[in-house]
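Chemist: I have a structure I would like to understand better, so I am pasting it below and will then ask my questions one at a time.
The values are calculated or read from the model by the stated rules, or taken from the named source; none is laboratory data. Note that the coordinates shown come from a computational prediction; the quantities given were computed from them, not determined experimentally. Cβ: placed from backbone, ideal geometry, glycine included. Neighbour counts: every protein chain shown. Calculation scope for accessible area: heavy atoms of the full protein, side chains included, ligands and nucleic acids excluded. Shrake-Rupley method; radii C 1.70, N 1.55, O 1.52, S 1.80 Å.
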Amino acid sequence: PQTETTAGLEIDRLVAAATSHLPTARRIKLAQSIWLAGQFLGEMCDYEPGTALLKHAKRLCPSKEKALLYQISFSLGSVYYYKVDWEKARSSFCEALKELKSWATPQDPKLEEQCALHNITVACLLIMKRIGEAEKILAETETKYMLLPNYQKSPEYWKYLLQKARYLTKKAQKIPTSDETRGEERVALFTEAQNILGETLNFMMKTYGWRHPLVAYTWQEEGFLYQYVAGNHQKAESCFKRALDIYSEVLSSDHVLIATCNYHLGMIYEDMREWEMALDCFQIALYIRQRKFSRNSTWSDILRRKNKCMGILKQRGILT
């Protein structure tokens with residue numbers, strides 16, 4: 001740690017010197033190199049040095065280079081996103097959007113890129129349960145899509161619909177099942193989300209085939225809908241299993257989406273009192289989370305649920 005701190009301070013000093021003394025063309029090339037290095041480290045899940053390099057690249061990049069600043073901010077947001085630092089991810093994506101708008105022209109307003117940034121910002125807000133802010137951005141995004149020719153053929157439009165379905169799921173989830181006065185509203189939200197996911201699944205399968213991460217992601221979102229709004233464990237289990245089957249085939253064995261599906265399957269089995277199956281799922285989810293992230297609320301919840309299952313199985317003499 002002491003060596004890393006010394007190295008970090010030395011990099012800070014070098015970047016400050018480069019910013020002050022290098023010609024603009026050299027600064028741009030150096031910023032591009034540092035950006036690519038930081039992006040690579042982020043993709044390799046080496047988050048701390050990745051974010052540090054991306055911050056250095058941003059400091060080094062001349063303010064007039066809007067396109068490069070946009071790319072750096074987007075990469076920084078992506079690293080924070082995978083690091084599960086939702087607020088910093090949202091902030092970086094908002095900065096990227098500002099830089100994109102200043103780079104765009106009336107002839108090429110970069111509407112599709114703006115919509116993509118809106119989509120991922122909404123994803124961060126929904127995870128943070130800031131539903132009101134997400135709703136405003138979704139409405140703005142829909143307006144932008146209407147300006148695009150053949151927008152329904154754009155994969156980004158269908159990713160937007162996935163975020164809209166998640167927003168509807170979250171909104172319905174906030175309505176207590178005991179509140180009979182809002183029962184119709186809850187059913188309407190569920191039905192709208194269900195229809196969106198059905199249409200999205202058809203598009204994704206026609207566009208990418210059956211064995212694609214976006215198809216799996218759509219199954220996963222449908223699993224959330226059945227688990228949290230309908231309370232239908234059998235349908236939710238089927239959706240998560242389908243998603244997990246595809247993820248296991250096309251992603252690395254320690255990918256966070258595999259952890260997510262196992263976590264939610266574990267909760268379903270826990271509710272069904274299938275303790276051994278729940279324990280298996282929680283162990284996989286925890287193993288991946290421990291490898292990928294520092295301790296957070298999800299990490300702690302998985303550990304608590306895993307220990308609960310182990311305790312019950314030990315009481316029954318199934319585990320020693």
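Chemist: Which shape class applies to segment 48-137: rounded if a/c is under 1.5, otherwise prolate when a/b exceeds b/c and oblate if not, where a ≥ b ≥ c are the square roots of the Cα gyration tensor eigenvalues?
Modeler: Because a/c hits 1.5 or more and a/b fails to exceed b/c, segment 48-137 counts as oblate.
Chemist: Take a quick pass over segment 127-244 and tell me how many lysine pairs come in under 20 angstrom between Cα atoms, counting only ones 8 or more apart or on separate chains.
Modeler: 21
Chemist: Still on this model: Could you sort Lys29, Lys292, Lys88 by their accessible area in this structure, using a 1.4 Å probe and putting the largest first?
Modeler: Working: Lys29 140, Lys292 40, Lys88 100 Å².
Ranked list, largest accessible area first: Lys29, Lys88, Lys292.
Chemist: Any idea what angle helix 66-82 forms with the longest principal axis of the chain, computed on alpha-carbon atoms, 0 to 90 degrees, nearest 10?
Modeler: Roughly 30 degrees, rounded to the nearest 10.
Chemist: Now for a separate question. Let me spell out the model: positive unit charges on the Cβ of Lys and Arg, negative unit charges on the Cβ of Asp and Glu, origin at the Cα centre of segment 51-189. What dipole size does that give, in debye rounded to 20?
Modeler: On the way: 24 positive and 17 negative charges, 84 e Å.
Dipole about the Cα centre, nearest 20: 400 debye.
Chemist: Sorted by mean Cβ packing within 10 Å, highest first, what order do the peptides 158-171, 233-246 take?
Modeler: Output ranking for 158-171, 233-246: 158-171, 233-246.
Chemist: Another one. Please state the shape class of segment 189-250: rounded when a/c is under 1.5, otherwise prolate if a/b exceeds b/c and oblate if not, all from the C-alpha gyration tensor. Could the numbers behind the result be given before it?
Modeler: Values: a/c = 3.08, a/b = 1.33, b/c = 2.33.
Here segment 189-250 falls in the oblate category.
Chemist: Across 10 Å bins from 0, what is the distribution of all Cα-Cα pair distances for the chain, in whole percents?
Modeler: Taking every Cα pair in the chain, the percentages come to 6, 21, 30, 24, 13, 5, 1, 0.
Chemist: Another question, then. Identify all lysines with a Cα-Cα distance to Lys29 below 18 Å; exclude those on the same chain that are fewer than 8 residues away in sequence.
Modeler: Output for Lys29: Lys55, Lys58, Lys64, Lys66.
Chemist: Between segment 181-227 and segment 231-282, how many Å separate their Cα centres?
Modeler: 17 Å
Chemist: Right, another one. Taking the mean number of other Cβ atoms within 10 Å as a proxy for protection, how do you rank 183-195, 116-128 from highest to lowest? Walk me through the numbers on the way to the answer.
Modeler: On the way: 183-195: 15.8, 116-128: 21.7.
Packing proxy ranking, top to bottom: 116-128, 183-195.
Chemist: If a/c stays under 1.5 just call it rounded; otherwise compare a/b with b/c (prolate if a/b is bigger, oblate if not). Do that for segment 127-232, with a ≥ b ≥ c from the square roots of the Cα gyration tensor eigenvalues. Kindly include the intermediate steps, with their values, before the conclusion.
Modeler: Values: a/c = 2.24, a/b = 1.40, b/c = 1.59.
Oblate shape, in that a/c is at least 1.5 and b/c is the bigger or equal ratio.
Chemist: Would you mind calculating the relative contact order of the chain from Cα pairs under 8 angstrom and at least 6 residues apart, reporting the percent as a whole number?
Modeler: Details: 365 pairs, mean separation 27.2, N = 320.
Reported relative contact order: 8 percent.
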